[in-house]
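Heads up: the structure comes next, in structure tokens.
Just so you know, all these numbers are worked out from the coordinates, no wet-lab data involved. Since we're looking at a predicted model, the values are computed, not measured. Cβ placement follows ideal geometry from the backbone for every residue including glycine, while neighbour counts extend to all protein chains displayed.
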Amino acid sequence: MSSDIPKVAVLLAAYNGMAWIEEQLASILAQTNVSVWVYISVDPSSDGTEVWCSEYAQLHHNIVLLPPVGPFKGAARNFFRLIHDVDFSGYDFVSFSDQDDVWYPDKLERAVARLQVGDVDGYSSNVIAFWPNGRRLLVDKAQPQVEWDYLFEAAGPGCTYVLKNRLATDFKQLILNHWAEVQEIALHDWFCYAFARSHGYRWFIDPVPGMDYRQHAYNLVGVNNGWSSALARLRRVSGGWWLRQIHLTALLTIGRMPTEIREIFGLILNAHQCRRKRRDQVVFPLMYLISHLTSDKSHRVIK
């Protein structure tokens, strides 16, 4: 499988992406010192994305448009479809891509170089968020990893993820084994990181940004910055969404989630082991307690 030039499968989930996808694909095809193949899955769109991608793929031998099987009604389900359907066996690495970012030319080369050192299996990085008005902001996710952070957050934006083949293949097997259950997972990147960490895979979060992370009105998950983002997070916590995702992620990766009062307060008292960023460690106890007080919970163990 391995050769002098590392071979990378890029999984790109698209939906109504005509405004940005050409620039994104151009930046992927411009990657240096790697052999890239792009697999595109399009959630049925109203702006001609499917037709454009079909025509673009005919012009590029290393771009494959998967046949339509949607609607997926969410990016996570679209990515799970890509992981389910794409054969990784001929690739050294697997990478995730959104439709609307701009990758720096050495994004994959830098990730592959770190993964080839041999002591890590998964890679993600910081990004530079940018807005139509010209604003730019470093999104810093590269704080030191802690014992249980994977149960409560991702390793940064999924569009920065690059996985060794073995990790990608094992993650795929989990998805195949629990196909019905993973349809309820809302954030594929958080789920992937949780699987990797909980199964003994090592992860590196690069402080050096590898891409420009586009911000616009249609972002499923954008930059957590400002009061509006804080209020949106509070609504997800108080409405039960966050806790349901925590429980489902834990059930699918480690088989259970602490639900006894003593276990819940144990996590609250050890917030420094549950989130990476100091700010998040401070607010975690209140958020986690609110989520339990306001949620209608049901628990089960997945064997």
Inter-label distance for residue 181 and residue 283, nm, one decimal - labels placed 7 Å from Cα along Cα-to-Cβ = 3.0 nm
Leading residue at positive end of dipole, segment 1-88 (Cβ point charges), from 83, 32, 51 = 83
In debye, nearest 20, what is the charge dipole magnitude of the chain about its Cα centre with +1 on Lys and Arg Cβ and -1 on Asp and Glu Cβ, if you could check?
-> 1140 debye
Residues of segment 23-55 with amide nitrogen under 14 Å from the 7 Å Cα-to-Cβ point of residue 69?
-> 40-44
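What is the extension gain from residue 113 to residue 56, computed as 0.36 nm multiplied by their sequence separation minus the C-alpha to C-alpha distance, in nm to one decimal? Write out the running numbers ahead of the final one.
Numbers: separation 57, 0.36 × 57 = 20.52 nm, distance 2.95 nm.
Value of the extension gain: 17.6 nm.
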Between their Cα atoms, which of 107/277; 141/172; 7/73 are more than 28 Å away from each other?
-> 7/73
P(r) tail fraction, segment 98-167 - alpha-carbon pairs more than 14 Å apart, % = 67 percent
Mind putting together the pair-distance distribution for segment 1-125? All Cα pairs, 5 Å bins, whole percent per bin, short to long.
-> 2, 11, 22, 24, 20, 13, 6, 2, 0
Cα centroid of segment 244-287 to Cα centroid of segment 141-205, whole Å | 16 Å
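From largest to smallest, what semi-axes in whole angstrom does the chain give when each is the square root of 5 times an eigenvalue of its alpha carbon gyration tensor? Could the numbers behind the result be given before it?
Working: eigenvalues 191, 87, 79 Å².
Those come to 31, 21, 20 Å.
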